[in-house]
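To start, the structure itself, in structure tokens.
Any read-out appearing in this document is the output of simple, stated calculations on the displayed coordinates, not a laboratory observation. The model shown is predicted, which means the values in this text are computed figures rather than measured ones. Because the Cβ atoms are built from the backbone with ideal geometry, glycine has one as well, and the counts that use them run over all protein chains shown.
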Ligand code: COA
């Protein structure tokens with residue numbers, strides 16, 4: 001994990017609300033793991049029916065009829081579908097989780113796209129108002145101490161177990177967040193975790209002005225350094241890295257994975273480089289003390305920070321510091337490698353660190369002198385220099401291509417939505433459907449991440465937010481011939497359908513991961529892929545123009561992700577009590593997309609939905625009377 005502190009500061013959020021949706025209970029987090037159920041393999045016929053239903057609003061009648069025929073063939077008794085299903089069921093019996101390795105491989109490790117923008121999410125934290133550089137260092141020191149405090153819970157296995165709908169969740173991802181590293185390969189990457197084993201990691205890496213330093217964060221008695229000790233060490237690092245003319249070696253990690261895989265092998269041919277790279281890989285996490293970015297207006301500030309977290313601003317700015325972030329201008333956030341964990345453990349860590357920082361005082365006390373943090377050396381051979389230049393060029397193409405909008409919708413939040421007895425998540429998703437429809441006069445395949453952590457080693461499933469019901473609703477919303485009561489009834493139907501789909505998704509009963517499993521099984525067992533995977537409808541279904549995720553936290557922050565497809569949007573949101581934080585991304589190279597425009601449509605849609613509800617329903621001032629079944 002990479003934390004960025006840009007020296008203008010990370011603000012401690014003024015409003016801290018209670019945890020969203022997930023409930024935390026203190027118990028040893030590994031003891032409950034054994035009791036977690038295995039993820040099921042859904043019935044084949046059910047998946048095929050749900051797949052056809054999901055396609056309905058997305059393709060023409062003729063295309064649907066064709067796909068129906070292919071599905072009927074696939075389902076024939078003794079046919080290919082049955083064989084693959086049996087193979088999957090066998091795999092499920094033999095493994096702890098039939099999906100997790102395939103998911104990690106296909107979603108992350110096989111992907112050859114660069115990690116910034118395309119894979120690694122960023123988290124934008126509120127702006128800090130450091131008074132001076134000492135302020136930034138003090139802040140960074142507290143932040144590091146806060147992460148080490150979180151690590152204590154990981155090491156002692158005392159992380160509070162999360163619950164969803166009364167059921168305990170798999171906590172495995174929490175153990176992968178720190179001390180993990182993704183190592184590039186020429187065809188495929190691997191993830192290595194250094195938290196356990198013979199010599200678990202005891203250092204972090206600090207990057208300043210493209211220079212890397214090893215900071216041992218535990219003293220010889222095994223105790224973590226105190227905040228003031230860390231501060232002193234950071235000062236030393238800062239003072240020994242004032243030159244700004246260094247090669248941005250970190251930028252190598254941002255290239256296409258095949259290219260970085262080759263450059264990696266070039267880099268580690270040299271013994272000094274190899275040792276330095278290994279030390280970075282073994283770090284518990286990385287802190288980047290970023291240079292301030294050019295000033296922008298207040299309304300663009302968080303969008304700029306989001307871009308910093310996703311790519312670092314280009315080779316002239318902080319992209320060479322990358323490998324996690326604090327900017328000298330108070331901007332603050334982090335980025336992390338997505339392969340080992342999803343957003344919820346990361347925001348839990350953020351919430352923990354923010355709480356820790358609030359209650360931790362910075363005290364100057366007499367100290368045992370600590371050694372100077374070791375600077376990591378790199379020999380820049382002509383070959384490495386060439387690779388750095390290539391990576392710079394690639395980064396300087398990626399940076400202007402990313403279109404980011406971060407905004408806070410202040411008109412209402414989760415409290416209001418609950419008071420009108422609706423699911424905040426489903427309501428926001430319907431606003432997104434409406435915004436997209438208004439912008440494009442059509443709907444598109446939409447992906448929302450759902451947790452599969454009720455199951456052992458569970459990761460995510462997709463909620464397909466575009467449904468026949470949502471399509472009917474968005475078509476009706478601006479139809480002047482329709483009454484408001486009818487529009488509201490259609491909205492409620494669409495929300496109900498979304499909730500039902502969510503329920504099925506978190507219970508492992510929807511289509512996307514099952515189809516992935518059948519496809520992977522076919523790759524292992526057959527000489528050619530079954531027709532259903534060669535079908536145009538399948539390609540349409542998998543082309544998610546809206547790639548969305550709710551990542552709720554107590555901290556007033558927002559996660560940001562890049563789009564999944566070249567002509568799509570990446571949208572994250574954090575529904576807080578009284579407002580909602582959004583981050584919308586797109587690519588400037590696509591003429592049809594525009595993050596600012598979609599954001600405007602989204603704000604309007606959220607306001608229009610509220611008006612529609614208020615014209616027909618009276619909100620209960622005391623909040624929801626009944627809680628929905630969320631299991
Ligand atoms: N009336 C009143 N209150 C309602 C309601 C209704 N009809 N429907 C829901 N609520 C309440 C819920 O009880 C919940 O209350 P809480 O905040 O006190 O716990 C709150 O509203 C939020 O519920 P909702 O908005 O429906 O969403 P959710 O919490 O069920 O979340 C998902 C839905 C899909 C986001 C969640 O199940 C999930 O899977 N999260 C993980 C996603 C993920 O992994 N993202 C990261 C990818 S990197």
### Task
Take the alpha-carbon centre of the stretch 133-148, take the same for the stretch 493-553, and report the distance between them in whole Å.
42 Å
### Query
So for the pair residue 604, residue 167, with labels modelled 7 Å out along Cα→Cβ, what separation do we get in nm?
4.1 nm
### Task
Evaluate the Debye formula for the stretch 518-571 with equal point scatterers sitting on the alpha carbons, no solvent, and hand back log10 of I(q)/I(0) at q = 0.13, 0.21 Å⁻¹, in q order, two decimals.
-0.54, -0.83
### Query
Do you know the relative contact order of the stretch 472-631, to the nearest whole percent, from alpha carbon pairs under 8 angstrom that are 6+ apart?
15 percent
### Summary
Assertion target for 611, 77, 467, ordered by fewest C-beta neighbours within 10 angstrom first, is 77, 611, 467
### Task
Report the calculated FRET efficiency for residue 96 and residue 46 (r = Cβ-Cβ distance, R0 = 22 Å), to the nearest 0.05.
0.40
### Ranking of 181, 572, 288 by count of other Cβ atoms within 10 Å, fewest first
181, 572, 288
### Query
Counting only DSSP beta bridges with both residues in the stretch 153-273, what percent are antiparallel, rounded to the nearest 5?
100 percent
#### Entry: Packing-based order for 264-270, 573-579, using average beta carbon neighbours within 10 Å, highest first
573-579, 264-270
### Task
Kindly rank 504-513, 380-389 from highest to lowest mean number of other beta carbons found within 10 Å of each residue.
504-513, 380-389
### Query
For the chain, what proportion of DSSP beta bridges, expressed in % and rounded to the nearest 5, is antiparallel?
70 percent
## Note on the structure
Ranked on Cβ counts within 10 Å of their own Cβ, fewest leading, 409, 213 go 409, 213
### Message
Can you order the peptides 476-485, 276-285 by their average number of other Cβ atoms within 10 Å per residue, highest first?
### Response
276-285, 476-485
### Task
Return the distance in nm (one decimal) between the two label points of a simple spin-label model at residue 77 and residue 38, each offset 7 Å from Cα along Cα→Cβ.
2.8 nm
### Query
Taking R0 as 22 Å, what's the FRET efficiency between residue 543 and residue 397 from their Cβ-Cβ distance, rounded to 0.05?
0.45
### Message
Using helices alone, I'd like the mean residue ellipticity at 222 nm for the chain: each DSSP H run of four-plus residues gives -39500 (n - 2.57), total over residue count, nearest 500.
### Response
-13000 deg cm²/dmol
### Query
FRET efficiency for residue 60 and residue 244, Cβ-Cβ distance as r, R0 = 60 Å, nearest 0.05?
0.55
### Summary
Under the 7 Å Cα-to-Cβ spin-label approximation, residue 472 and residue 362 lie apart by a distance in nanometres of 5.9 nm
### Message
Suppose a student asked you for the relative contact order of the stretch 174-246, using Cα pairs under 8 Å spaced at least 6 residues apart; what percent would you report?
### Response
21 percent
